[in-house]
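Encoded as structure tokens, the structure appears first; notes follow it.
Any read-out appearing in this document is the output of simple, stated calculations on the displayed coordinates, not a laboratory observation. These figures come from a predicted structure and were not determined experimentally. Neighbour counts are summed over all protein chains in view; Cβ atoms, including those assigned to glycine, are modelled from backbone coordinates with ideal geometry.
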Amino acid sequence: MEISPVMKPHNPTEMKLIGIAAIACYVPAIYLDIEELAINRAIEPAKLQKGLGLLQMALPDADEDAASFAANALWQLITENQLDPHSIGRIYLGTESALDAAKPTATYAVGAVETALEKTFGPRCFRHCDVLDMTFACVGAVDALHNSIDWVSAGSGRKAVVIASDFAKYELGSTGEYTQGAGAVAMLIAENPSILHFSDAWGVSMQSVGDFHKPRRVYDKVQLLQETARLLGTSLNNTTAEALMQEDTTGFWSDPNAQVELFKEEPVFDGQYSNACYKDRIVEAIAHFRSQTSCHILSDWQHMVFHLPYAFQARRMVLEPWLEWLEEAGMTEQLYAEMGKPAEGAHADWVKAAAKSAMYKAFLAEKIADGESASSRIGNMYTASIFMSLICILQTALDKDTAITGHRVGFVSYGSGSKSKVFEGTIAKDWKSRVSHLQLFRRLDERKAIDFATYEKLHSNKCASPVGKVEGFRLEDAGNLYPAMGIRKYTLR
């Protein structure tokens, strides 16, 4: 019996390069201008624009979610790169915007694309494809990538797809509101990749913390009914409330469970604590990475891509590590020549001032800035953020005709809860041929701006129909009746 390409056994003596062979992305077609948000929230626009690097916020339309984002990214990956879906052995989705506590969001995306591909490739072209969700806040897609690299490396001719898809949604008026964003990135992971190949070293740092999480909120049912009665101008004692609930015919109040569980996309978070956790984890993960391989960051990494909750996050988090890298490289005296040495008892002020030094600005311009501009115009994509930063670097190099073949890219990821993974990749010689069709910045230019009132309606799920141009995979129905309750249907429009 002939062994399929995705199942050939691996010869451990072979040396193979594993990495990104193709890449695609999807960003919703509507956005809110950050200046409009700032004005309506009584925030000085420059604080968000110049302080955090925020310009626009990508938003899901009324018929979009993490599954439709993922389906659109997967569809583009397959159709734009003329991939045979039968050759793909696994599709792993990293997301923290899951739609169900049991059924993987990836199954919705893969199922929708599989149906759309039926005319060309026959029914159930992904029948032998392993499909899975992976969740660890914003680092979940990096986990999916790490796992898939190992799987591709362990076989011969294997191909995997990693999708990162999320919607960053915060409470209206909260300190996280202006960092919202949405979208997805899909990557083909294979041998001898055309875009970038990864090294074997992976730095990891993990600590269980509560900097950001999405808990199930629990409410006492009797108290809910009593509060409802109070809003209606009356009152109920416990006995009357319980008797009324037994008479209910909707199945909500009469359910025997004394509590109601409510899940919300908006997280519980502590922004300052999360920044501290971000910094601690990436420092530890970088140290762990460097314990496995010789890496002088200032000289060996031509680019650095980060998880970006907001566009300028990396430049704020990496200042102190940069000072340590300068010392390692014997370059601290150059900074002293520009700024002078820190005065006794004023080291913290000196470090803060170093962020405005010409040396630090040059470091940012050389290694980080090219990966920030997409984040400025999209917002936080959670799991997809770090990979959109990579696309941004590639698109910028293509547009500027910059030679980056052979450049090493340091990936610094973070997921709340908390974990960081640090790894590196090298740009392959054929990268241009695989990204020339992306046209990222043109696609961002073509989106539709919405006004603040429409934004608030969308955020509160008060828009019955989409407000932007309807194209791609869209949510058509989310079943309301048992046993199909909650089963979602997506169609390509």
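Listing for the model above:
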{"quantity": "Net charge of neighbours whose Cβ lies under 13 Å from the Cβ of A241, counting Lys and Arg as +1 and Asp and Glu as -1", "calculated": "-3"}
{"quantity": "Cα Rg over Rh - the range 216-263, Kirkwood", "calculated": "0.96"}
{"quantity": "Cβ-based exposure ranking for T332, T179, in which fewest neighbours within 10 Å come first", "calculated": "T332, T179"}
{"quantity": "Ranked F269, F387, criterion: other C-beta atoms within 10 Å, fewest first", "calculated": "F269, F387"}
{"quantity": "Estimated 222 nm signal from helices in the chain, with DSSP H stretches of n ≥ 4 weighted -39500 (n - 2.57), rounded to 500", "calculated": "-10500 deg cm²/dmol"}
{"quantity": "Cβ-based exposure ranking for L224, L231, L262, L99, in which fewest neighbours within 10 Å come first", "calculated": "L231, L262, L224, L99"}
{"quantity": "Straight-distance crosslink candidates among lysines, where the alpha carbon sits under 20 Å from K279 and sequence neighbours closer than 8 are dropped", "calculated": "K352, K356, K361, K367, K419, K421"}
